[in-house]
Structures are given as C-alpha cells and as structure tokens.
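Any read-out appearing in this document is the output of simple, stated calculations on the displayed coordinates, not a laboratory observation. Predicted model, so just to flag it, every value in this text is computed and none were measured. Neighbour counts are summed over all protein chains in view; Cβ atoms, including those assigned to glycine, are modelled from backbone coordinates with ideal geometry.
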Amino acid sequence: MPDSTLTERLKAEAARLGFVACGVTRTVDDPLPGERLHQWLGEGAHGDMGWMEARADWRRSPAALWPEVRSVVALGMSYAPPENPLRLADSPETARISVYAQGQDYHDTVKKALKALARWLVAEGGGQLKVFVDTAPVMEKPLAMAAGLGWQGKHTNLVSREHGSWLLLGMLFTELELEPDARSRDTCGSCNACQEVCPTGAFPAPYRIDARRCISYLTIELHGPIPRDLRPGIGNHVYGCDDCLSVCPWNKFAASAHANLAFAPRAELAAPHVADLLALDDASFRQIFSGSPIKRIGRDRMVRNAAIVAGNSGERALAAPLAALLGDEAPVVRGAAVWALDRLGALEPHAARADAEIDESVREEWAAALREPRRGG
C-alpha cells in the first residue's frame with residue numbers, strides 16, 4: 001500500500017526547502033510520451049540537439065531509464081518575474097534575457113534543494129533514489145502533468161493554476177511506493193495567445209513546437225549562424241524568449257512573492273544595453289555571466305546574438321561597434337556583424353576581407369549582403 005503519511009510529510013519538507021509545487025505519480029511506464037517524442041524526433045524538429053536523439057530510449061519513460069523506480073516525485077520552484085517580460089519588447093537597444101536566466105543558475109539552486117529532499121526521504125523511508133534537474137534524459141513536463149503540478153499548454157510548456165508558466169522543475173525517482181496525486185487536466189480551452197505571439201512561427205500546431213524556429217533554441221542551442229529568414233523575428237531577444245509564456249492568462253495567478261530569491265534578476269542582466277554586449281571579450285563575458293546559466297553558451301554565441309539584435313534595432317549608432325566585429329576571430333560573429341550592418345544600411349562593401357581569410361559562412365553573408373543591398377533598417 002502507498003504510504004500516504006510519508007507522502008504528506010515529504011510535501012511539507014519540499015515546501016520547507018523552497019519548492020512551491022510537489023506531486024507524486026506512479027505512472028512510470030506510460031508509452032504515450034515516448035511515442036510523441038519518437039514522432040517529434042522523426043520530424044527533425046529537435047534541430048541540432050543530437051543529445052535528444054542519442055538518449056531517446058532512456059527518455060521515453062522513467063522505467064526505461066531506471067527499472068527499479070516505483071514513484072516519481074515532481075517538484076517545482078517558482079521564478080515568477082516581478083514585471084511582465086514583454087514590457088521591453090519596444091526597447092530595441094535593450095537586449096532581452098529570458099527571465100529564468102537573470103538570476104543564479106537554476107541547475108545549482110534546484111539540485112541543491114532536491115539533494116536535501118532526497119537525503120530526508122532516505123532517512124524517513126529508505127530505498128534507493130535518483131534526482132534529476134533538466135540535464136538528464138527525463139521528460140519532466142509529462143511527468144509533472146501526471147503528478148498534478150499542471151498541464152502542458154499549447155506552447156508545450158507546463159502551466160500551473162497557481163504559478164502560471166513560471167515553474168522550474170526537478171524530479172526525484174524512488175523505489176518507494178508513495179501516494180499518487182491526480183493527473184492535471186488541460187484547461188487551455190480555446191485560448192491561442194501563445195501561438196499567435198511567437199515572432200518566428202515556432203508552433204506548427206497547438207501542443208507542437210518546431211525547435212528549429214524557436215528563439216530559445218536559436219539563441220542558446222544553435223552553434224552556427226542563425227538562419228537569415230528567422231533573424232528579423234529575433235527582435236531584441238539575446239538569450240531565450242518568454243513571449244509565449246508571458247501572454248498566458250494563467251499568469252495572473254502567479255505571484256512574484258512566491259519566487260525563489262535566488263532567481264531575482266541581477267541588475268546587469270535585467271535590461272542590458274546591446275552595445276555593451278557587442279563589446280564583450282571572453283574575459284568580460286565570463287566575469288559578467290559568472291554563476292549564470294548563460295555562461296554555458298560562451299562569448300561567441302552571445303555576441304552573435306547581440307549583433308542580430310543590433311541589426312534589428314534600427315539604431316545607426318550601433319554601426320561602429322558592429323564594424324569592429326568584422327575582424328573578430330569567430331566566424332559566427334563576423335557573419336552576424338555583416339548581416340547587422342547591412343540591415344542598418346551601414347555596410348561598406350570595401351570592408352570585405354579576401355576570401356582566403358574568411359570562413360565559408362562569412363563569405364555567404366557577404367555575398368547575400370552585396371547581392372541584395374539594404375539601405376537603412
């Protein structure tokens with residue numbers, strides 16, 4: 001029999017450790033999430049995220065990853081922002097950073113609390129267990145839905161009645177048979193706000209996402225040049241995107257007072273000026289983004305993203321720092337600078353370097369710019 005008393009005490013301890021949501025599911029071998037994952041991978045919608053495909057067999061269900069699991073404890077920490085992220089959409093020189101990345105690295109914060117909860121559960125109930133935060137082959141959102149934390153909305157992210165779209169998830173797999181919670185019910189209804197707001201058309205249909213068109217994928221996961229046709233839609237997003245989350249009506253119930261203080265925005269990350277990001281070298285990048293999840297993308301991708309934002313800004317004052325990047329060591333930065341200067345109408349054809357000195361992708365940027373010159377943003 002499931003231990004309801006232990007489950008109740010577990011939830012109380014989870015709340016003490018900073019989790020605002022905690023639920024249990026015994027559904028550890030549901031084939032449906034795995035079937036949907038297989039279809040998504042088959043469509044190539046994962047883009048360059050080869051790790052999704054490489055570990056798909058483990059990812060398809062908790063039991064596939066760890067046969068001994070009997071219960072999954074799904075946990076959520078709130079990172080509800082104090083202000084609507086969309087407020088900066090009309091500030092072209094301000095680089096927008098996704099809310100979750102403006103404070104401390106959530107991997108560290110959530111995992112620390114998860115490990116503390118795991119130690120408590122072993123002491124109280126025994127058994128073996130495993131903890132996971134984001135980087136493991138675990139489908140957190142379907143499990144969170146099964147455990148009653150919320151449902152996967154039409155934007156494919158988790159939506160909670162109490163915390164809106166602002167939950168960071170962690171999972172605890174245990175051999176113990178805990179009292180399960182009721183599965184959450186989808187209450188998106190006829191709302192289609194998240195689908196309509198996406199600047200790059202990343203949703204081919206409700207409840208489906210094509211990562212190859214998603215701004216979060218393009219600015220974080222993609223190593224090479226961002227596809228030219230998608231760059232205007234990037235707008236002023238320099239790291240991630242919260243647009244589809246921000247418009248969700250359920251966010252009116254999400255109180256920033258419940259957010260973990262570790263995720264409070266750092267002043268330098270809340271609304272950075274794009275010119276400052278264009279000037280980053282490797283040392284300054286590491287210093288500014290120390291302790292942030294942003295650090296993992298490296299300086300080159302950040303400056304690539306900043307160049308795209310600068311090109312979208314329409315601000316000719318950004319031409320000078322962009323021109324300085326034409327000689328950057330990173331081809332992906334040089335290429336983005338060419339595009340941005342062209343978009344601002346500030347590209348000087350004589351600035352092109354000899355083909356022998358230019359990466360093939362940069363040559364393509366120059367060729368496109370000179371073939372279809374743009375005069376002004």
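Take every pair of alpha-carbon atoms less than 8 Å apart whose residues are at least six positions apart; their mean separation over the length of segment 267-347 yields a relative contact order of 30 percent. No solvent, one uniform scatterer per C-alpha: report log10 I(q)/I(0) for segment 249-377 via the Debye equation at q = 0.13, 0.14, 0.22 1/Å, two decimals. Each listed q maps to, in turn, -0.60, -0.67, -1.22.
Shown for the chain: cysteine residues without a partner Cβ closer than 4.7 Å, namely C22, C188, C191, C198, C214, C241, C248.
Once the Cα atoms are used to define both axes, helix 4-16 deviates from the longest principal axis of the chain by about 40 degrees. Site pair D276 and R371 shows an inter-label distance of 3.9 nm when each label is modelled 7 Å from Cα along Cα→Cβ.
Measuring r between the beta carbons of C191 and A257 and using R0 = 25 Å, the FRET efficiency lands at 0.50. If you plug the beta carbon distance of R363 and K112 into 1/(1 + (r/R0)^6) with R0 = 41 Å, you get a FRET efficiency near 0.30.
Summary of the geometry: segment 300-343 and segment 101-154, compared by the centres of their Cα atoms, lie 39 Å apart.
What the phi angles of segment 199-210 give under the Karplus curve with 6.51, -1.76 and 1.60, with θ = phi - 60°, is a coupling list of x, 10, x, 7, 10, x, 6, x, 6, 10, 10, 9 Hz, glycine and proline written as x.
Loop exposure criterion: GluC sites (Glu not before Pro), DSSP state outside H, G, I, E and B, at most 14 other Cβ atoms within 10 Å. Applied to the chain, the longest stretch between such sites is 84-328. Evaluated at q = 0.07, 0.08, 0.13 Å⁻¹, a Debye calculation over the C-alpha positions of the chain (equal weights, vacuum) places log10 I(q)/I(0) at -0.35, -0.45, -1.06.
Whole number please: convex hull volume per residue of the Cα set in segment 129-246, in Å³?
Spread over its residues, the Cα hull of segment 129-246 gives 115 Å³ apiece.
Once the chain from L32 to E348 is taken as fully extended at 0.36 nm per residue, the excess over their C-alpha distance is 108.3 nm. Applying the Karplus relation 6.51 cos²θ - 1.76 cosθ + 1.60 with θ = phi - 60° to segment 303-317 yields 3J(HN,Hα) values of 5, 3, 5, 5, 5, 4, 4, 4, x, 7, 6, x, 9, 5, 5 Hz, where x marks Gly and Pro.
Over the residues of the chain, the helix contribution to mean residue ellipticity at 222 nm works out to -10000 deg cm²/dmol, using -39500 (n - 2.57) for each DSSP H run of at least 4.
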